[in-house]
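J.: If you scroll down you'll find the structure; I have some questions about it.
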Amino acid sequence: MTLILLAALFIQSPFACNVGALTPAERHRHFDELGPALRAVKTGVRELPDGYEFRFPSDRKTVGMLLEWVEQERLCCPFFDITVHFEPERKAVWMRLTGRPGTKEFIKADAGPWLER
């Protein structure tokens, strides 16, 4: 029993987007509406050793879309470590996508349009 519990602690999800974790309506919203809308208002990209950081305006509409996108993304890509950081004085919002070794390469291969400046 203890061995099974310890093994469960070390199991990692594969580097693959599990679109089946989202309903058809959520998939449409995530990939066809929120993703393109967020990429259109993105104001910067920073490369990190283990992933990327994306800068957005801090208005309510953008923050709402970003938080909805993050909630859906964590379902279909549970291997991401996702952080949302709000700069002081409502300057900007940063979304950081990082994770274990291989995460950055997955982002490069799967999320090219997000990396365009």
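J.: With each run of n ≥ 4 DSSP H residues scored as -39500 (n - 2.57), what mean residue ellipticity at 222 nm is computed for the chain after dividing by its residue count and rounding to the nearest 500 deg cm²/dmol?
T.: Value at 222 nm, helices only, nearest 500: -11500 deg cm²/dmol.
J.: Leaving out same-chain residues fewer than 8 places away, which lysines sit with a Cα under 23 Å from that of residue 108?
T.: In chain and number order, the partners are 42.
J.: If you build the Cα gyration tensor of the range 22-112 and take the root of 5 times each eigenvalue, what three semi-axes come out, in whole angstrom, biggest first?
T.: Working through the eigenvalues yields semi-axes of 19, 18, 11 Å.
J.: I would also like to ask the following. Sort 86, 31, 54 so the one with the fewest other Cβ atoms within 10 Å of its own Cβ comes first.
T.: 86, 31, 54
J.: A further question on this structure: With springs only between Cα atoms under 10 Å, which of 51, 20, 99 fluctuates most in a Gaussian network model of the chain?
T.: Most flexible of the set in this elastic network: 20.
J.: Test of understanding: in a Gaussian network model of the chain with alpha carbons linked when under 10 Å, which of 89, 33, 71 would top the mean-square fluctuation ranking?
T.: Greatest mean-square fluctuation among the candidates belongs to 89.
Read the figures in this text as sums done on the coordinates, not as results from a lab. On a predicted model such as this, the values are computed, not experimentally measured, just so you know. Here Cβ is always computed from backbone atoms with ideal geometry, including for glycine, and neighbour counts include all displayed protein chains.
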